[in-house]
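The values are calculated or read from the model by the stated rules, or taken from the named source; none is laboratory data. Please read these numbers as outputs of a predicted model, since none were measured by experiment. In this analysis, Cβ positions are derived from the backbone assuming ideal geometry, glycine residues included, and neighbour counts consider all displayed protein chains. Ligands, DNA and RNA are stripped out before the accessible areas are found, and what is left, the full protein with its side chains, is counted by its heavy atoms. Shrake-Rupley method; radii C 1.70, N 1.55, O 1.52, S 1.80 Å.
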Amino acid sequence: MGQQIPFQTLELVADGLRREDARRRGLPPGAAFPAPAVRSVLLDGERLARAEVRLARADGGEREVHVYEAYWAPLTEGQVRLRDVVAFLFRGAANGIVNAARKNGFRRWLFDEYRRFDVPGTALLSLLATLGVVLGLVALNGGIALAALVRTPLKDPPRWLGDGLFGDLSTVVNLVLTLAMLFAGSLLLSRALRRAPPASRARRAAGALSAAFFALAIAFTTLAGLSLPLLFWAHIRCTASGPDRELLPHALGSGFVSGFDRIFETAFLAFAAATLAAFLLIGAAKLLGAAGREWKAGGRRAATYALGVAAVAAIAAAFVGEIRAAAGFCRELLIWTALRRGAPWPILFLLSAWIRSLLVQYPGDVAAYVGSHTLDRFNDLRAKIKETVGRKARAVYGAREPDGSSFAYTAIAVVGHSLGSVVAYDTLNRLILDDEAAPAGGAVSLDAARRTRLLLTFGSPLDKTAFIFGMQGRATSEGREAMAAAVQPMICDYRFRPRRWVNIHSPWDIVSGPLDLYDLPSGTDARRIENLRDDDATTLIGAHLEYWRNALLFDVLHRELTA
């Protein structure tokens, strides 16, 4: 798994299994159930932490299950930069557009020959939107950063970067923040309605609303970013031959621009003041509550708290007049257009920094691991991740009974979420390849394909990565594609598949989807991937993490572990 905190995945899986087991035992919701035993064990020379849970079988008995995690997140920490992520997104969108635009569909080497797959009509549109958003974000961040750096209080800005361009950029900032807040509000509404039935009107309406605001945010971000260079160019041309004026009121209507800016800036300042007041009131309430508890307990600390509260009250009373004067001064500041118009900019900078950190932390891991079709500086990092996870997997598969007579585990389930599903898929393929290279009947073989009862992927981007990076170059050949597939025995012969491969996805999760590119389009083998839709994961984007709290994931896992 790729969780950022050690043992977080272990806890999520163990707790989910315990919740499902409590439900199957008929315990009421919220009832206490036995905590799992946690141990640090040495398996085949590898030190591993494990959680031990006892699960109820359908026949009335119990089965003890051991849960392990392969933790590799620290290997990518600090290795990926923002430009790596942007380059990865550009490259992926461009590759996907090329594959989606092919006349005869998408070709993929599968089970020893090229197979053709139909490309959905929405794929090209989605990839174009992705490319537009990336371009828009780059241009928007670059333009706003340039304006902020040049327009400083310490020096006079160039003539073209006067109040006119500053006003136009402020209008763009206000529109971006408005759509971002509307989208965030719709996501919060969808999250609040998660307890309602999936088919309820309220839940469907909240989902449609979040999708509409998401589309608006994408469209405007793309439009604003791509038109920003044109806006800079227009101001440079206009100030060269005339006065510095705002241009957006001429394009969008002066009434709309002035009215929108005035309403947004007033609401923004009111919201900022209310948020600050709420923090102060909460802090004062906590201070008074602590003072009350200490007063009841008695002792020296009670006197100290009482003196502190009295001092704060005295200072507040003494400066009531000054506070009123400061409030009046703040009202006067609203008359200053430059200050009022620039007030939302710090929030945009914080939002931009937060988005950059998310891009580096999450898509950055994908960029470092998935881009194996290119020669880049992440080759060694990918090898370290595969080796780290491979060692842990081989330790579990190779663990033996105390007398060494047989394997400790006759049945193993491999579970992977998001990028962890890609790592799990690669690891299982590597174990199968090692088994095939082992001498016939030798003790080295782990018999991984037969002993793996279940490969469970959820929130998985496997299909998207196969589509975007499936072709090993534009001038590819059958030989190169065959060699690339040869390291994935699970797409070479169904006998290398686990007994079951279940993939859980949600249409509201933009990362995952059904896995269709790993099976023959018209195949009937019983080991084909079972694509299950999680109808409880209904928050746009947030659905990617909702699987952990929903019943479907642990229902599938519990059934297989106790079969």
Return the residues of region 27-67 that are open to solvent by 70 Å² or more (accessible area, probe 1.4 Å) and in a strand (DSSP E or B); say none if nothing qualifies. VAL38, ARG39, SER40, LEU42, ARG47, ARG54, GLU62, ARG63, GLU64
Can you list residue pairs whose Cβ atoms sit under 7 Å apart, with the first residue in region 171-200 being open to solvent by 70 Å² or more (accessible area, probe 1.4 Å) and the second being among the polar types (S, T, N, Q)? Count only pairs 6 or more apart in sequence or on different chains. ARG191/THR539
If ARG24 satisfies every condition in (1) open to solvent by less than 70 Å² (accessible area, probe 1.4 Å); (2) touching a helix residue (DSSP H, G or I) at 6+ places or on another chain (Cβ under 9 Å) but one, which is the exception? (1)
Is it true that some residue in region 215-228 is of a type in the set (Ser, Thr, Tyr) and over 34 Å from the mean Cα position of the chain (by Cα)? no
Can you tell me which residue is least open to solvent (accessible area, probe 1.4 Å) among those in region 102-150 that are outside any helix (DSSP H, G or I) and of a type in the set (A, V, I, L, M)? LEU110
Given (1) open to solvent by less than 20 Å² (accessible area, probe 1.4 Å); (2) more than 31 Å from the chain's Cα centre (by Cα), ILE504 misses just (2)
Let me spell it out: the conditions are (1) more than 20 Å from GLY167 (Cα to Cα); (2) touching a residue at least 24 places away in the same chain (Cβ under 8 Å); (3) outside any helix (DSSP H, G or I), and GLU246 meets all of them except one. Which number is the exception? (1)
Residues in region 244-258: is at least one over 23 Å from LEU188 (Cβ atoms), at pLDDT below 80 and open to solvent by less than 30 Å² (accessible area, probe 1.4 Å)? no
Within region 411-419, can one find any residue that is at pLDDT 85 or above and surrounded by fewer than 17 Cβ atoms within 10 Å (Cβ to Cβ)? yes
Filtering region 201-218 for residues that are open to solvent by 60 Å² or more (accessible area, probe 1.4 Å) and within 23 Å of VAL172 (Cβ to Cβ) leaves a count of 1
If the requirement is being in a loop (DSSP other than H, G, I, E, B), modelled with pLDDT under 95, of a type in the set (S, T, N, Q) and open to solvent by less than 20 Å² (accessible area, probe 1.4 Å), which of these qualifies: THR539, THR524? THR539
Taking the condition of being among the charged types (D, E, K, R), at pLDDT below 70 and surrounded by 13 or more Cβ atoms within 10 Å (Cβ to Cβ), how many residues in region 329-363 meet it? 2
Closer than 20 Å to THR388 by Cβ, under 20 Å from the mean Cα position of the chain (by Cα) and surrounded by 20 or more Cβ atoms within 10 Å (Cβ to Cβ), is that true of VAL85? no
